[in-house]
Every structure is written in C-alpha cells, then in structure tokens.
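Following: one structure in structure tokens, then a few remarks.
The values are calculated or read from the model by the stated rules, or taken from the named source; none is laboratory data. What you see is a predicted model; the values in this text were computed from it and never measured. Note: ideal-geometry Cβ built from the backbone for every residue, glycine included; neighbour counts use all protein chains shown. Keep in mind that these areas ignore ligands, DNA and RNA; they rest on the heavy atoms of the full protein, side chains included. Shrake-Rupley method; radii C 1.70, N 1.55, O 1.52, S 1.80 Å.
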Amino acid sequence: MKALAVASGIVFWTLVLGAIILIFFPSGDEGEPVAVLNIETVPSAAAPVTTDGVDLPPGFAVAPAAPQRPAAPMLAPPGQGTTMMPTMPGPGTTMTPPPPPPPPPGPSGALETPERQGALPAASVATANLAAGIDQTGGTALDAVVPALIEESDYGPLPRVAADGRRPADVYARPSHYGRGAGGPPRVAVLVSGLAVPGAPDADIIKGLPPPVSVAYGAYGRGVQEWVDKARADGHEVLLALPLEPNNYPAVDPGPHTLLTTLPTDENLKRLQWLMSRYTGYAGVTNHMGSKFVTTQAALRPVLKEMKRRGLIYFDDGSVEGSAVGETAASLGVDYSTAHVQLEPGKMAESLAALEAEAKAQGAAIGVAKAEPSAVKQIAKWAGSLEGKGLVLVPVSTAMRSRRQG
C-alpha cells in the first residue's frame with residue numbers, strides 16, 4: 001500500500017509539472033502563439049482604390065468630382081443685350097431602355113416610311129385602309145427617348161445618328177401609315193408653335209388637340225423636358241424652335257443665344273448646341289422668327305449642315321418671304337419643308353379652308369398656328385370634321401413625306 005501511494009504521488013506531480021511547462025514554455029520557437037485564428041475576407045471584384053497615395057479597403061471608393069460644364073456661349077455681340085436669362089439644365093433623368101431598333105434609313109437619307117414604333121409591317125401598309133379623319137396609326141403615346149440617339153456634350157444632351165443608322169428624324173417622328181405619296185385621302189398637318197419662348201402661354205394650352213397635331217417648343221423656361229415628355233406621351237410629334245435673328249433685332253429679341261448673321265460661324269454653332277441641348281426627343285427643328293437669318297445663306301448654311309449631320313428635319317414656318325431655306329437645304333440634301341398656310345388668329349376658318357384646298361390640290365399641306373386658346377379650340381373642332389370632307393389629319397413629318405413623294 002505504501003508503494004502504491006508513492007507511485008500515485010509521483011504521477012500526480014509529473015502531470016502538474018507538465019501542465020506548468022506547457023503553459024509557460026509552449027514550444028521551442030520563441031514568439032509563436034498557442035493558436036492562430038484565420039479570418040478570411042471576401043475577395044473584392046477589383047483592386048483596392050487608391051486616392052492621394054492612401055489605399056482604401058476593398059468595397060470602398062471615392063466618386064470623382066462631377067466635371068464642371070463650361071460657361072454658355074456669349075449671349076450677344078458687344079452692344080446687343082438680351083432681355084431674358086437662360087436656365088441651365090438640371091441633373092439628367094434616367095431613361096428607359098430603347099425599343100428594338102428599326103431598319104436604318106435608306107441610302108438617300110430621306111425620311112423613311114413608317115415601319116417602326118408599332119406601325120404595321122410593309123406588307124400590311126400597302127393594303128391598310130387609309131381612311132379619312134384623324135390618323136390613328138400607332139395608338140397614342142410615342143416611344144421613350146432613345147439613349148443611342150444622344151450625344152453627351154459640354155452643354156448637355158445633343159441629338160445624333162445612332163451607330164446602326166437610326167436618326168432622330170425617323171425614331172422621334174410620329175408613325176403613320178399615310179407617309180407614302182400615293183393612295184388614300186389628301187393629308188393635312190398642323191404645327192402649333194410658340195411654346196417655351198418669351199411670352200409663351202402655359203404648356204397645358206395644347207390639351208385637347210388630336211395626337212397627330214405636331215407641336216414646337218423653344219429652349220427657354222424651367223421643366224421644358226417635362227413638357228416635351230408630356231406632349232409625346234399624348235402622342236404629339238415635337239420640333240425644337242430655334243431663335244433666329246429678325247430684321248429688327250435687338251429691338252425685337254427672340255431670346256437668349258439667338259443665332260445672328262453678325263456672329264462668326266463657330267459662335268453660332270456653339271449657340272446652336274446650347275439650344276439643342278435644352279431637351280431631347282424632337283424629330284427636327286423649326287424657326288422662331290428669323291426674317292434676317294433665313295435670308296442670309298452664309299449664316300444659314302452651317303446650321304442646315306448641322307441638322308443633316310445630326311439626323312434632323314428642318315421645317316420653315318413660311319413666315320418669311322425670300323427665305324433661302326429651300327435652296328440651301330436642297331443643295332445640302334437636308335430633309336426640309338416649308339409651311340403652306342399660315343393659320344391666322346381671327347381668320348382661322350378662312351385659313352383652315354385654304355389648308356384644305358391646298359391639300360386637295362397637292363395631295364398634302366401643312367399649316368402653322370400660334371399656341372393661343374381660341375386657335376387650339378378651333379383646330380380641335382375642325383379636326384373632327386375632316387372625315388366628312390374626305391381629308392386626313394397627319395403629323396408634320398408625314399405630310400412632308402407625302403408632299404415630296406406625291
């Protein structure tokens with residue numbers, strides 16, 4: 001028994017001493033911890049961002065400062081003031097993905113036929129019932145703005161021809177089965193202008209107009225893009241109204257950044273880009289005033305070349321005698337037309353009758369009216385009578401095609 005007790009004591013003290021040695025002297029490699037805790041990090045998709053020589057951990061980044069837009073082009077030459085200050089665009093809006101691309105324009109560059117944006121395919125168009133009344137092609141709302149047709153510039157979004165050949169003139173025009181010259185009733189079109197320019201009425205003035213009526217907006221005021229979006233949602237084809245120098249400028253001032261015959265070409269083109277960048281979604285441009293500018297071919301020619309380069313139509317409102325638009329646009333191959341009838345306030349019934357007569361004689365005719373409550377009301381009422389007269393109301397771009405092809 002005594003021997004067993006001694007052996008047990010020896011074993012006990014051996015275990016105690018061994019435990020003490022393990023605690024205070026873990027191994028022969030000095031400084032190594034008893035246990036290593038491995039912490040795994042989620043791999044980053046990209047290398048750590050570095051800023052000013054300091055490495056940032058994965059998942060963190062410093063957004064670059066927003067680029068500063070350059071100052072807008074000068075408003076007027078020395079000694080020529082303007083009575084209205086421009087408003088610069090706000091942050092860009094998110095745009096919906098584009099619809100499936102339509103066929104690119106033909107080799108001639110002319111406005112294409114309407115096999116796009118929900119119109120019937122070519123085989124069906126030929127046999128479609130082209131009835132009189134109000135053109136109902138494609139429903140009401142026009143397609144959303146297409147990012148492929150936008151060029152980001154120093155001033156804002158500019159229209160451009162897409163890489164696949166689509167042009168704003170084709171994509172943003174209201175689709176129509178009546179775009180072919182032959183067959184169907186005579187076409188009449190109306191452009192309502194005078195919106196988003198100095199002294200313009202409220203944008204809601206066009207409420208109640210049939211969708212085929214086209215509308216022209218200037219480049220001034222807050223929220224013009226929203227007005228344009230609303231007009232397109234209601235089915236209206238949109239044109240941009242460019243302020244052009246009148247004979248009595250600056251006593252009569254179309255607005256900031258008016259294109260002037262006294263400016264160098266590069267300055268006028270800067271102004272043109274500023275004006276075109278105020279909003280997007282328009283199929284072409286028209287003039288706001290311009291009695292001096294449109295009769296000066298040297299000033300007009302670079303502007304029309306820019307219209308062709310950017311895939312836009314040019315529509316002359318027909319208010320200026322001796323306009324050089326027709327000759328200049330034809331020499332450059334620009335899609336253009338001139339209004340055939342001025343729809344005059346106070347003489348609206350006579351003016352609309354003249355528009356009808358011109359359409360019956362030539363196959364298509366375009367009238368221009370100022371955005372005034374009485375004019376809008378009379379145009380809407382008149383449109384409802386066209387079916388009984390054997391005429392059809394179409395967008396301006398459609399009447400342009402019909403007139404050229406008829």
Where residues in segment 377-406 are assigned to a helix (DSSP H, G or I) and in contact with a helix residue (DSSP H, G or I) (Cβ under 6 Å, 6 or more places away or on another chain), which of them is farthest from GLY199 (Cα to Cα)?
ARG401
If you scan segment 159-185, which residues turn out to be closer than 27 Å to ALA383 by Cα and surrounded by fewer than 24 Cβ atoms within 10 Å (Cβ to Cβ)?
ARG180, GLY181, ALA182, GLY183, GLY184, PRO185
Give the number of residues within segment 222-253 that are of a type in the set (Phe, Trp, Tyr) and part of a helix (DSSP H, G or I).
1
Among ALA361, ALA365, the single one that is under 25 Å from ARG180 (Cβ atoms), open to solvent by 60 Å² or more (accessible area, probe 1.4 Å) and either in contact with a Gly (Cβ under 6 Å, 6 or more places away or on another chain) or not in a loop (DSSP other than H, G, I, E, B) (or both) is ALA361
In segment 121-137, what residues are in contact with a Ser or Thr (Cβ under 8 Å, 6 or more places away or on another chain) and either open to solvent by 40 Å² or more (accessible area, probe 1.4 Å) or modelled with pLDDT of 95 or more (or both)?
ALA122, ASP135
Selection from segment 357-384 of residues without any contact (Cβ under 8 Å) to a residue 12 or more places away in the chain and closer than 15 Å to LEU343 by Cβ yields ALA357, LYS381
Selection from segment 234-282 of residues that are among the basic types (Lys, Arg) and closer than 26 Å to SER214 by Cβ
ARG271, ARG278
For segment 242-280, how many residues are within 29 Å of ALA189 (Cβ to Cβ), hydrophobic (A, V, I, L, M, F, W, C) and open to solvent by 10 Å² or more (accessible area, probe 1.4 Å)?
1
If only one of ALA203, ALA216 is closer than 14 Å to GLU372 by Cα and either open to solvent by 40 Å² or more (accessible area, probe 1.4 Å) or at pLDDT below 95 (or both), which one is it?
ALA203
Which residue pairs have Cβ atoms closer than 7 Å, lie 6 or more positions apart in sequence or on different chains, and pair a first residue in segment 150-167 that is within 17 Å of VAL224 (Cα to Cα) and in contact (Cβ under 8 Å) with a residue 40 or more places away in the chain with a second residue that is of a type in the set (Phe, Trp, Tyr) and surrounded by 15 or more Cβ atoms within 10 Å (Cβ to Cβ)?
TYR155/TRP274
Would you tally the residues in segment 308-321 being farther than 19 Å from ILE366 by Cα and surrounded by fewer than 23 Cβ atoms within 10 Å (Cβ to Cβ)?
3
If I go through segment 291-307 residue by residue, how many of them are open to solvent by 40 Å² or more (accessible area, probe 1.4 Å) and hydroxyl-bearing (Ser, Thr, Tyr)?
2
